[in-house]
1. Can you sort B:TYR49, B:TYR6, B:TYR39 from fewest to most other Cβ atoms within 10 Å of each residue's own Cβ?
2. Just from its helices, what would the mean residue ellipticity at 222 nm be for chain B, if runs of 4 or more DSSP H residues each count -39500 (n - 2.57) and the sum is divided by every residue, rounded to the nearest 500 deg cm²/dmol?
3. Looking at the P(r) of the stretch B:67-113, how many percent of alpha-carbon pairs lie beyond 17 Å?
4. Of all GluC sites (Glu not before Pro) in the stretch B:39-81, which ones are in loop regions per DSSP and have a Cβ with at most 12 other Cβ atoms within 10 Å?
5. If I model a spin label as a point 7 Å beyond the Cα along the Cα-Cβ vector, how far apart are those points for B:PHE98 and A:THR54 in nm?
6. Summing +1 for each Lys or Arg and -1 for each Asp or Glu, what net charge is found among the other residues whose Cβ lies under 15 Å from the Cβ of A:GLY65?
7. For the stretch B:9-70 and the stretch B:76-113, what is the centre-to-centre distance using only Cα atoms, to the nearest Å?
8. Once chain B is represented by equal point scatterers at the alpha-carbon sites, with solvent omitted, what log10 I(q)/I(0) does the Debye formula produce at q = 0.18 Å⁻¹?
Amino acid sequence: MINFLLEKYLDILPKSLWVTTCNSGSCNGCDIEIVATISPRYDIERFGMKLVGTPRHADVLIVTGPVTRYMRDRLLRIYNQMPDPKAVVVVGNCGASGDVFYKSYNLDGPVDRIIPVDVYVHGCPPRPEAIIEGVAKAVLKLESLKEGNQKKAGEAVS
Amino acid sequence: MFGTVYTGFGYWDVTSWILFFGIAAGLTLWLRAQGRDDYKEGTDQDEIYWSGNVVPEDGEDISVPASSAYWGFRKALEPYYNRLIGMHTGIATDIVGFYVLVVAFMAVFILIA
C-alpha cells in the first residue's frame, strides 16, 4: 500500500536499489572495487543501496568478467531469476568488451551478447566512485520502465 | 475447563492465548506481505537460487558433508570409529539388545554396591 502511494503521488521509485553481483570470469579486481563501495570510505548505503546475496531480491545486477563458456548459462539463469523491473550494470573493461581476452577461445562474452546491458562502467578496474555512478544511472532505467518507456535490450544509459 | 492457571510467575488462560496468537499471526502476515509479490510464477523468477546452477535433484553429489570438517579427528581415531560404526547396524532389535545389556550391567553393579 505504501509502495503504491509513493509511486502514484510522489512519482518516485518505491524502494532503494538492492544490488547483486555475478562474477562471470573476472580476475576479482572489479569485485574488490565493488566490495570497496560498501566500505565506510565510499558507503553506498548512504544512497539506500546495498549488496544482497540473491538475485531474487535484487533490482540491479552488476556483472564483472568477460563471461566464460562455463558461466554463460549461470549468468543467464541469474538474470532470469531477478524480478522485473531490473537493470544490468557491467563493471570493468572485460565485461564491456572482453578487453585483452577479446575473441579468446573460452569466452562467450562480452556480457551484452548474453543479456541486455543498461550501463557500462569502464576501467581495469573502475574506481568505486564510477561504480556508484553506474548503479545510480540504473535508477534512470528503472524509472523509465516504471513510466512504460521500456528501453530496448542492450541500450546503454551512459 | 477454561479457567485461569496461576503459576506463581504469571498466569495462563485460553482467552489471552488466543488473543496473543492472533496478534502474532497478524504481525507475521504483515511481515510476509512486505515481501516482493511482483515476480512471475512459473518462470526462473520462481526458482530457488543455487548460485546460478540448476537446483539438483539430490544435493549429495555437490555438497560437502559436515563430516569432512572432522576428517583428521576421525582418521586419528579410526580403530575406535570402525568398531563403533560396526556396532551400529541400524536394526532396532540390536539397539534394544544393547539397551538390555547396559541395563543388566548397571543392575548388577547397583545390586553389588
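What follows is calculated from the coordinates using simple rules that are stated; it is not laboratory data. Predicted model only: the values in this text are computed from it and were never measured. Backbone-built Cβ (ideal geometry, glycine too); neighbour counts: all protein chains shown.
1. Details: B:TYR49 18, B:TYR6 10, B:TYR39 15.
By the 10 Å Cβ count, ascending, the order reads B:TYR6, B:TYR39, B:TYR49.
2. Taking each H run of at least 4 residues, the total per residue is -16500 deg cm²/dmol.
3. 56
4. B:GLU41, B:GLU57
5. 3.8
6. So the environment of A:GLY65 carries a net charge of -2.
7. 40
8. Debye intensities relative to I(0), on a log10 scale: -1.02.
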